[in-house]
Amino acid sequence: MMMDKYTKLQIAGIYCCLAVFLTFILLPFFEMFMASLRPLEHLFRSPYQFWSDDFSFQAYRDMWVTVPLLGRYIFNSIFIAFSVTFLTMVFVIPAAYAFARLKFPFKNATLGVFLGVNMFTGAVLLIPLYRVLRTLGLLNTYWAMIVPGVAFLIPTGIWLLRSYLEKIPVELEEAAYVDGASRMYTLRRVVLPLAVPGLIVVGTAVFIGAYAQQFLFAITFNQTRELQPLPAGLYEFIGYQSVTWNEMMAAALVGVLPVMVIFLFLQKYLVAGLTAGAVKE
């Protein structure tokens with residue numbers, strides 16, 4: 001086993017580092033959960049109390065009354081994320097295969113340009129994106145949030161999947177060509193089945209990215225309340241004079257559940273894809 005190469009002191013240090021890392025990652029979520037259990041009037045109690053006898057799940061019931069469209073917002077977030085993931089993978093798979101197998105002028109330069117797109121956040125391109133979406137008549141529709149999401153996630157998907165496809169032996173494709181298979185048939189019947197772990201990794205990364213970037217595009221390109229995703233819908237917990245923080249935290253945690261469930265179900269495939277992509281032939 002790999003851990004046998006380390007001394008007990010080194011193993012203890014690794015576990016300590018992991019514990020510190022997980023603490024910083026998970027502590028905000030834990031505090032969100034604790035805040036969702038506290039009554040609103042006790043959230044800012046001084047001094048701070050870690051445990052209280054008045055904990056309850058009342059906020060998880062009240063949030064549906066405070067924001068009647070909360071269920072619709074959660075559905076919109078999931079729908080937009082799945083749509084962005086599907087369309088992104090449709091473009092990423094042939095593009096990544098072309099960068100991995102084909103030879104054409106300026107291939108590396110083009111790949112560098114794609115990667116450079118990730119250096120720009122959506123906020124930098126909001127005005128040109130707004131003008132393009134307005135020209136196409138896509139404002140205040142689902143497409144107003146789907147199209148920018150796809151555009152910003154395609155470069156990352158190409159970069160990740162290309163690295164995985166390059167590790168698939170090219171001899172398998174050459175054998176298919178000898179038998180008379182076309183390039184598209186080889187891609188569909190030979191390459192993609194072998195690339196399933198990598199596709200799951202890229203698809204999951206794209207889904208998480210699509211789920212996380214909805215807020216900026218929603219508040220800029222969409223004014224239709226029924227089409228808002230959850231990050232924008234959480235604004236409705238902010239009143240004129242007060243904020244129902246406990247219900248907002250409860251709604252945010254419920255909105256994160258789909259991503260957590262998907263990750264838990266695909267965890268085995270994610271680990272397999274990441275480790276397979278890291279192995280040198």
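When you check Ala59 against the structure, is it surrounded by 12 or more Cβ atoms within 10 Å (Cβ to Cβ), in contact with a Ser or Thr (Cβ under 8 Å, 6 or more places away or on another chain), assigned to a helix (DSSP H, G or I) and touching a residue at least 40 places away in the same chain (Cβ under 8 Å), yes or no? When the stated conditions are applied, Ala59 passes them.
Hey, among the residues in the range 195-223 that are of a type outside the set (A, V, I, L, M, F, W, C) and touching a Ser or Thr at 6+ places or on another chain (Cβ under 8 Å), which one's farthest from Ser163 (Cα to Cα)? The residue in question is Asn222. The set of residues from the range 152-183 being charged (D, E, K, R) and outside any helix (DSSP H, G or I) comprises Glu166, Lys167, Asp179. Here Phe152 meets the list (1) over 21 Å from Val124 (Cα atoms); (2) of a type in the set (Phe, Trp, Tyr); (3) touching a helix residue (DSSP H, G or I) at 6+ places or on another chain (Cβ under 7 Å) almost entirely, failing just condition (1).
Quick grid of which residues meet (1) touching a Cys at 6+ places or on another chain (Cβ under 7 Å); (2) more than 30 Å from Phe75 (Cβ to Cβ); (3) of a type in the set (Val, Ile, Thr); (4) surrounded by 17 or more Cβ atoms within 10 Å (Cβ to Cβ):
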{"residue": "Val191", "(1), (2), (3), (4)": "no, yes, yes, yes"}
{"residue": "Leu199", "(1), (2), (3), (4)": "no, no, no, yes"}
{"residue": "Val202", "(1), (2), (3), (4)": "no, no, yes, yes"}
{"residue": "Ala212", "(1), (2), (3), (4)": "no, no, no, no"}
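One line per residue, one yes/no per condition, for (1) modelled with pLDDT of 75 or more; (2) in contact with a helix residue (DSSP H, G or I) (Cβ under 7 Å, 6 or more places away or on another chain); (3) farther than 24 Å from Arg61 by Cα:
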site	(1), (2), (3)
Cys17	yes, no, yes
Phe21	yes, no, yes
Pro28	yes, no, no
Arg45	no, no, no
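Among the residues of the range 93-150, those identified as surrounded by fewer than 11 Cβ atoms within 10 Å (Cβ to Cβ) and either over 25 Å from the mean Cα position of the chain (by Cα) or in a loop (DSSP other than H, G, I, E, B) (or both) are Leu102, Lys103, Phe104, Pro105, Phe106, Asn108, Ala109, Met119, Phe120, Arg131, Thr135, Gly137. Of all residue pairs spaced 6 or more apart or on separate chains, those with beta-carbon atoms under 9 Å, a first member in the range 155-167 that is farther than 13 Å from Met89 by Cβ and a second member that is among the hydroxyl-bearing types (Ser, Thr, Tyr) and modelled with pLDDT of 85 or more are Arg162/Tyr97; Leu165/Tyr97.
Here's the yes/no breakdown for (1) modelled with pLDDT under 85; (2) out of contact with any helix residue (DSSP H, G or I) (no Cβ under 6 Å at 6 or more places or on another chain):
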| position | (1), (2) |
| --- | --- |
| Arg189 | no, yes |
| Ile200 | no, no |
| Gly209 | no, no |
| Pro229 | no, no |
| Val261 | yes, yes |
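Only one of Thr186, Thr220 is in contact (Cβ under 8 Å) with a residue 40 or more places away in the chain and in a helix (DSSP H, G or I); which?
Being in contact (Cβ under 8 Å) with a residue 40 or more places away in the chain and in a helix (DSSP H, G or I) holds for just one of Thr186, Thr220, which is Thr220.
Report whether or not Phe263 is within 25 Å of Leu133 (Cα to Cα) and hydrophobic (A, V, I, L, M, F, W, C). So Phe263 fails the test.
The values are calculated or read from the model by the stated rules, or taken from the named source; none is laboratory data. What you see is a predicted model, and the numbers here were worked out from it, not measured in a lab. Every residue, glycine among them, receives a Cβ derived from its backbone with ideal geometry; neighbour counts consider all protein chains shown.
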